[in-house]
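Here, each number is a calculation from the coordinates, and none is a lab measurement. Predicted, not measured: the structure shown is a model, and the values here were computed from it. Note that each Cβ is placed from the backbone with ideal geometry, even for glycine, and that neighbours are counted across all protein chains shown.
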Amino acid sequence: MNPSQVTELASELESRLNLLNELVSELKSAQPGMVGQERIGEILAALSGRPDLAELPRVLLRCYSEITEALGGIRLTREAIQAHAVERIRDTHLKLNEVSSTTESATLEMLNTLDRTQALIGSLEKETGASRSPQGTFDALRAEVNLMFNCLQFQDITAQQLQGVNALLGDVEARIESVAALFDHALGGSGEVSSPAPLPKPDETAFNPDASARNTAARQAIIDAAFGGSAKPEPSQRPSASGVIR
Amino acid sequence: MKCLVVDDSATMRRIVVNALKSIGYVDCVEAGDGSEALQRCDSSIDLIITDWNMPVMGGLDFVKRLRADAQFARIPILMVTTRSVKEDIMQAVDAGVNSYILKPFTPQVLKEKIDQILSLASGSA
């Protein structure tokens, strides 16, 4: 049944109820002595003149059936929201956690390798001796290893960015759950759909979602200026304008 | 020279410690958050390098707590963080941070900042 048919059905139902109401009011307001056989006959004639009133129960049953069907649709929609939005958000959340964890493990392993490399450079330096191998070679090797150490800072920055995305996903999930809960009201108590337990709320003080490796030198220069070189600035040297240094 | 390195990221702690060693600071103590750092802080610490965003107790609260204690009020503190919002920098200054480095940093920048804050600290002592 489409919306226009439902509207038509409701209008038909309303007109019949209005007629019934009209007749009952007329009966109530009539003086006892005034309601003669003639008037009653007229009313009965009016009622019998509307044989479609007898269809009222059937119309109501049709309405009930339509409402039940609509509720079924709402239930399916609610379940679809949960299956295709909330559950996919959770999958993504888990995958991001896995990426973060894998990257951290790999980075720590690389740090271990670099530690061992540094130890090997030290051993080689001792074994070879400064006379046969120029000191500069070992220093250059150490500088390369240190450079690799510094490159691994990417892991801390990407981990914070991923935590930021995960927090955002948690927020989106909560909002979708709120929308789904609106459908639950329509379904009534017996029709409620169970939802998975909400994702644990991240400690938003433990990461910076705006972490970035971009333009670090330029941003550092602005911070240095704010600090008056590097020392703790006097109040007059503090940053005056609000906003983000990027 | 003994340094306390505070960061919840084990990766970052190791990178900072390595950078410190590469510029001659070999005696380092590590802590995973501000609360742990408070426990590890004693009179032997000469320099603190701390992150801002950490669970349990963040870097800013840690610095405030430290500065409120007369015993540690003068230890030079260098904040190494990803936060570059001006309001954050002002908060760090107000809390008592002596210098501020953005991640990712280079050992050269680290050395420059450490030298500057230590020379200021020795000058004011």
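Structural remarks
- Residue in the stretch B:111-119 that is buried (at least 22 other Cβ atoms within 10 Å of the Cβ) and either touching a Leu at 6+ places or on another chain (Cβ under 8 Å) or more than 7 Å from every other protein chain (Cβ to nearest Cβ) (or both) present: yes
- Filtered by the rule that a residue be charged (D, E, K, R), under 13 Å from the mean Cα position of the chain (by Cα) and over 16 Å from residue B:11 (Cβ atoms), the stretch B:41-68 gives B:46, B:61, B:64, B:67.
- Among the numbered conditions (1) facing another protein chain (nearest Cβ under 9 Å); (2) in a strand (DSSP E or B); (3) more than 20 Å from residue A:213 (Cβ to Cβ), the only one that residue B:100 does not meet is (3).
- Residues in the stretch B:1-59 that are surrounded by 24 or more Cβ atoms within 10 Å (Cβ to Cβ), within 9 Å of chain A (Cβ to nearest Cβ) and farther than 21 Å from residue A:157 by Cα: 0 in all.
- Positions within the stretch B:79-125 being without any contact (Cβ under 8 Å) to a residue 60 or more places away in the chain and among the aromatic types (Phe, Trp, Tyr), in sequence order: B:100
- Once the stretch B:74-96 is narrowed to residues that are over 13 Å from the mean Cα position of the chain (by Cα) and either of a type in the set (S, T, N, Q) or more than 12 Å from every other protein chain (Cβ to nearest Cβ) (or both), the residue that is nearest to residue A:219 (Cα to Cα) is B:84.
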